[in-house]
Structures are given as structure tokens and as C-alpha cells.
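The values are calculated or read from the model by the stated rules, or taken from the named source; none is laboratory data. Here the structure is a predicted model, which is why all the values come from computation and not from measurement. As a convention, Cβ positions derive from the backbone with ideal geometry for all residues, glycine included, and neighbour counts pool all protein chains shown. Surface areas here come from the heavy atoms of the whole protein model, side chains and all, with no ligands, DNA or RNA. Shrake-Rupley method; radii C 1.70, N 1.55, O 1.52, S 1.80 Å.
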Amino acid sequence: MTYQFKSEVTAGDFWKLTMSRTYRSVAGVCNMVFTVAMILFTAKFFRTSGDLMQMLMLFGCLLFPVIQPIAIYLKAKGQAKTMPKDVELSFDDAGLHVTVGKEKESIGWKKLRVANEPGMMIVFSDARHGYMLTNRILGAQKEPFFAFAKERIAETN
């Protein structure tokens, strides 16, 4: 069996991944607790505070639900610009075959790991590097491909 995909990663894809990972971590829980505490604090003391304190309270209320997602999106735009546009991924019994322009690389299943993230699948080639396959790219092949990849990885370990 062979699966072939053309990787088309957008800034929105990087943004979704980062937001998902942030808000499923301890940092995300702290962000939510901080935001709720800031809203309660602001509701209690806003009227009796000076202008500078009111601005700081409003900033604190907007920091994680508004400012942080915008900052993450701006960073994601930068990441998306650095991504090569002609990346083709091919998966078969031997592993992953990556083609970028005229350059080719093959990675065996033993080195690969697959993570099923919300709205996408990530095929990791090491602890810090991987290939993002969004639901838009995978389409109806998502579940069969995920089963295929998990089976091949289990066979090599």
C-alpha cells in the first residue's frame, strides 16, 4: 500500500497546532486561571482604580484570550513563509519518502512516530521535526492512513 500527499502547510495550520498544544498543557491551564482571576479582579476594582491601573487590568483581561493568539498567529505566518512549497510525502512499507524539488530523502518506519492531533496528523522524524498532514490534505484517507502508519511503526519496534 502506498499513500502520497502534497504537504501544503499554512499559517493557520501552525496556529491551530500551537494553540491546541498550549491549551492542553499546564501553561494553558495557568493562562485560563489567570484570565478568570483577572476578569474577577477587574470587575471588583475597576471603578475605584486610577487610569493606569484600569489600563493594566484591561490588558490583563485581554492578554491570553486575545493578545497571545494574535502573537502566535504572527509567529505562525513567519513559520509558514519559511516552509518549502513543493514538499511531497510518500508512505509505503519501507517508510517515508520525502521529495522537495529535486532532493529526495527516505526515512524508515523505525525512526518515525505518528501523532493524531485535532484537525491534523503529524509524522515525526525525530523528537523536534516532523511533517504536518492536515485533514484537508488527508481527506478520506485519514483513518486508513493512520491505521497503516501505526501498524508499520508497531512492526518495526
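Counting only residues that are free of Cβ contacts under 8 Å to residues at least 24 places away in the same chain, outside any helix (DSSP H, G or I) and either small (Gly, Ala, Ser) or out of contact with any Lys or Arg (no Cβ under 8 Å at 6 or more places or on another chain) (or both), how many does region 116-146 have?
4
Restricting to region 130-157, what's the tally of residues that are buried (at least 16 other Cβ atoms within 10 Å of the Cβ) and more than 15 Å from Gln4 (Cα to Cα)?
3
Among what's in region 98-115 and is open to solvent by less than 40 Å² (accessible area, probe 1.4 Å) and touching a residue at least 40 places away in the same chain (Cβ under 8 Å), pick the residue that is nearest to Met83 (Cα to Cα). First the steps, then the outcome.
Kept after step one, since they are open to solvent by less than 40 Å² (accessible area, probe 1.4 Å), are these residues of region 98-115: 98-99, 107-109, 112, 114-115.
Next, only the ones that are touching a residue at least 40 places away in the same chain (Cβ under 8 Å) stay: 108-109, 112.
Details: Gly108: 23, Trp109: 24, Leu112: 20 Å.
Looking at the filtered set, the residue picked out is Leu112.
Could you list, ordered by first residue, the pairs with Cβ atoms under 9 Å in which the first is in region 1-15 and acidic (Asp, Glu) and the second is part of a helix (DSSP H, G or I), at least 6 apart or interchain?
What qualifies is Glu8/Arg136; Glu8/Ile137; Asp13/Ala76; Asp13/Ala80; Asp13/Arg136.
Taking Ala127 as the residue in question, decide whether it is closer than 30 Å to Asn157 by Cβ and loosely packed, with under 11 Cβ neighbours inside 10 Å.
So Ala127 fits the description; yes.
Could you go through region 75-88 and let me know if any residue there is under 20 Å from Gln4 (Cβ atoms), part of a strand (DSSP E or B), open to solvent by 70 Å² or more (accessible area, probe 1.4 Å) and in contact (Cβ under 8 Å) with a residue 24 or more places away in the chain.
Checked against the condition, which is being under 20 Å from Gln4 (Cβ atoms), part of a strand (DSSP E or B), open to solvent by 70 Å² or more (accessible area, probe 1.4 Å) and in contact (Cβ under 8 Å) with a residue 24 or more places away in the chain, region 75-88 yields at least one hit.
What number goes with the only condition from (1) within 22 Å of the chain's Cα centre (by Cα); (2) over 15 Å from Phe14 (Cβ atoms) that Gly130 does not pass?
The failed condition is (2).
Answer yes or no as to whether Gln4 is at pLDDT 95 or above, assigned to a strand (DSSP E or B) and either outside the structural domain of Pro144 (by the TED database) or within 22 Å of Val123 (Cα to Cα) (or both).
Here the answer is yes, as Gln4 does meet what is asked.
Only residues that are hydroxyl-bearing (Ser, Thr, Tyr) and assigned to a helix (DSSP H, G or I): list them for region 7-52, please.
Across region 7-52, the qualifying residues are Thr18, Ser20, Thr22, Tyr23, Thr35, Thr42.
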